[in-house]
Amino acid sequence: MKRFRSRPDECRAYQFNAGSARALLAGLDPSALERFYPGVRAFDPTDNDTPFAVKTTSGQYAVVEDGDWVVAEPDGNGHYPCKDHVFRRRWEPID
């Protein structure tokens with residue numbers, strides 16, 4: 001049986017903070033959310049308990065929760081959420 005190793009990849013990502021996102025929606029216009037959290041949308045910006053989601057490359061929405069990482073797709077056309085423990089196991093900071 002052959003052995004395989006994953007190639008070293010790089011990604012662009014940030015850790016999502018739901019409290020901060022809700023504060024942006026409460027104090028500013030909904031477009032402010034996109035500036036601070038690229039790719040993230042609120043299902044109902046007027047509802048304090050609304051879930052947040054990111055639009056994937058397939059055009060579907062995936063829910064992103066507090067503490068999740070939002071990872072940009074390599075082609076730049078979408079994002080996907082990743083749980084913190086999974087992200088930290090897979091990725092390490094470059095800087």
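The values are calculated or read from the model by the stated rules, or taken from the named source; none is laboratory data. Please read all numbers here as calculations on a predicted model, not as lab measurements. Here the Cβ is made from the backbone with ideal geometry for all residues, glycine too, and neighbour counts use every protein chain on show.
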Worksheet item: Out of (1) surrounded by 12 or more Cβ atoms within 10 Å (Cβ to Cβ); (2) in contact with a strand residue (DSSP E or B) (Cβ under 8 Å, 6 or more places away or on another chain); (3) among the hydrophobic types (A, V, I, L, M, F, W, C), the odd one out for residue 63 is which?
Response: (1)
Worksheet item: Are any residues in segment 59-88 modelled with pLDDT of 85 or more and more than 12 Å from the chain's Cα centre (by Cα), and if so, which ones?
Response: 60, 85, 86, 88
Response to the item:
If we ask which residues in segment 66-95 are β-branched (Val, Ile, Thr) and in contact with a Pro (Cβ under 8 Å, 6 or more places away or on another chain), their number turns out to be 2
Practice prompt. Report the residue count in segment 25-60 for those that are surrounded by 13 or more Cβ atoms within 10 Å (Cβ to Cβ), touching a residue at least 12 places away in the same chain (Cβ under 8 Å) and more than 25 Å from residue 87 (Cα to Cα).
Written response: 2
Discussion item. Filter segment 1-39 down to the residues that are modelled with pLDDT under 85 and touching a helix residue (DSSP H, G or I) at 6+ places or on another chain (Cβ under 8 Å) and list them by number.
Written reply: 24, 25, 32, 33
Worksheet entry | Pick from segment 71-95, criterion in contact with a Lys or Arg (Cβ under 8 Å, 6 or more places away or on another chain) and of a type in the set (Gly, Ala, Ser), ranking: nearest to residue 12 (Cα to Cα) | 72
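Does residue 68 qualify as being under 25 Å from residue 10 (Cβ atoms), charged (D, E, K, R) and buried (at least 17 other Cβ atoms within 10 Å of the Cβ)?
yes
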Practice prompt. Just name the residue that is farthest from residue 39 (Cα to Cα) out of those in segment 71-90 that are touching a residue at least 24 places away in the same chain (Cβ under 8 Å) and either among the aromatic types (Phe, Trp, Tyr) or surrounded by fewer than 13 Cβ atoms within 10 Å (Cβ to Cβ) (or both).
Written response: 87
